[in-house]
Amino acid sequence: MAVPSRISDVLFRRDMVGPSFVKFAATVTGMVLIEKVFMEFVLPHLAGELEDIFARHGKIQALFLLSAANSVVTFWGFGALMALPAFVGASRWKIQAGKSLDLQMLQSSMPLIVFNWLLGIILLPLLFAHFLPESSFDWRSPPSTQTLVRDAVVWLAIEEVWFFYSHRWMHMNKQLYAAVHKMHHKWTAPISFTAIYCHPFEHLVSNLTPLVLGPLVCGSHLAAISIFSFLGVLHTMAVHSGYWFCDDNGMHDEHHAKFNVNFGVLGVMDSLYGTYQLPGGPSQSTPGAASKAGERLGEKVE
């Protein structure tokens, strides 16, 4: 048996369900703490301005403006920072050593990336405007800590389950994989911006739906939803960055490299289904386990 070279190799073995639930609890805790800081120290200073924006522009137009601002900062701003190591050809902390950025491929991918980005900032405000209760837009009455915890648990549970099954479905169904999901796997060594390089159908079903479903089910406050969206985009950009500053220890990068492992977000569902695998130590401790799991799914790497 290979000797693990990282602490994470010990903590996150693919045959251990427990650490995935610990990660889920840690994610909930971190999200709620960030929300509380924002609600206590930032929102009171922004409440008047936000009320003015909604009064002047109306609910839908104001939501478009806030959605665009949030997305520009997270996707294009932080995304550019996360893509910088790939642009300069940095080899240190690269998950897939020896892989470099194909600039021509990125250039050809950009029109679809921009289209999907626009799709998100247009569709989400429409859904929130029509299906969230009026209390979600009360900037003077932020949700309680209990409500934030409840919402975070529901959001992350829905996201993990929905994304896992929709993503796994696109691998199991050969016609769907060839027509839709194979496009995303064109990037076997992705960078941040390629997080939304995918067929628009996939973007709607697997990327946007798990992001909005939880908040709509809970009738959550828009301030809390904004934090969830901000952190969610940061997460997906980081895990597609190709570098070890990702927050999943290379879990999703391994999916792009191997195709038949890691269909979920946090690893909970993958631990239950035996498709959880990290680069390096975990795969060495159980040779061939993930490949066999992929074979059971009927996956063929293309």
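The values are calculated or read from the model by the stated rules, or taken from the named source; none is laboratory data. Please read these numbers as outputs of a predicted model, since none were measured by experiment. So basically every Cβ, Gly included, is an ideal-geometry build from the backbone, and we count neighbours across all protein chains shown.
Tabulated results
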| read-out | value |
| --- | --- |
| Among residues of segment 150-182, those that are farther than 14 Å from Phe259 by Cβ and part of a helix (DSSP H, G or I), counted | 21 |
| Ser8 buried (at least 16 other Cβ atoms within 10 Å of the Cβ) and modelled with pLDDT of 65 or more | no |
| Lys23 assigned to a helix (DSSP H, G or I), basic (Lys, Arg), closer than 26 Å to Phe245 by Cβ and in contact (Cβ under 8 Å) with a residue 60 or more places away in the chain | yes |
| Output for segment 183-210, where each listed residue is hydrophobic (A, V, I, L, M, F, W, C), touching a helix residue (DSSP H, G or I) at 6+ places or on another chain (Cβ under 6 Å) and within 17 Å of His256 (Cβ to Cβ) | Trp187, Ile191, Phe193, Ala195, Ile196, Cys198 |
| Selection count where residues are in contact with a Phe, Trp or Tyr (Cβ under 8 Å, 6 or more places away or on another chain) and of a type in the set (Lys, Arg), scope segment 138-184 | 1 |
| Within segment 31-78, tally of residues that are within 16 Å of Phe137 (Cα to Cα) and among the basic types (Lys, Arg) | 2 |
| Some residue of segment 79-95 being closer than 30 Å to Ser136 by Cα and modelled with pLDDT of 95 or more | yes |
| Residue match in segment 107-118 (condition: modelled with pLDDT of 95 or more, farther than 18 Å from Asp253 by Cα, buried (at least 17 other Cβ atoms within 10 Å of the Cβ) and touching a Lys or Arg at 6+ places or on another chain (Cβ under 9 Å)) | yes |
| Helices (runs of 4 or more DSSP H) wholly inside segment 220-286 that include at least 2 residues being farther than 23 Å from Lys182 by Cβ and not aliphatic (A, V, I, L, M) | 222-239, 281-285 |
| Selection count, segment 86-114, where residues are basic (Lys, Arg) and free of Cβ contacts under 8 Å to residues at least 12 places away in the same chain | 1 |
| Single match in Val233, Val239, Val268 (criterion: in contact with a His (Cβ under 8 Å, 6 or more places away or on another chain), at pLDDT 90 or above and closer than 20 Å to Ala26 by Cβ) | Val239 |
| Candidate set from segment 183-223 (those that are of a type in the set (Val, Ile, Thr), within 17 Å of the chain's Cα centre (by Cα) and closer than 23 Å to Ala62 by Cα); member that is surrounded by the most Cβ atoms within 10 Å (Cβ to Cβ) | Val212 |
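Quick grid of which residues meet (1) at pLDDT 95 or above; (2) surrounded by 13 or more Cβ atoms within 10 Å (Cβ to Cβ); (3) not small (Gly, Ala, Ser):
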site	(1), (2), (3)
Val3	no, no, yes
Phe12	no, yes, yes
Ser20	no, yes, no
Ala26	no, no, no
Val32	yes, yes, yes
Glu49	yes, no, yes
Asp52	yes, no, yes
Leu63	yes, yes, yes
Asn70	yes, yes, yes
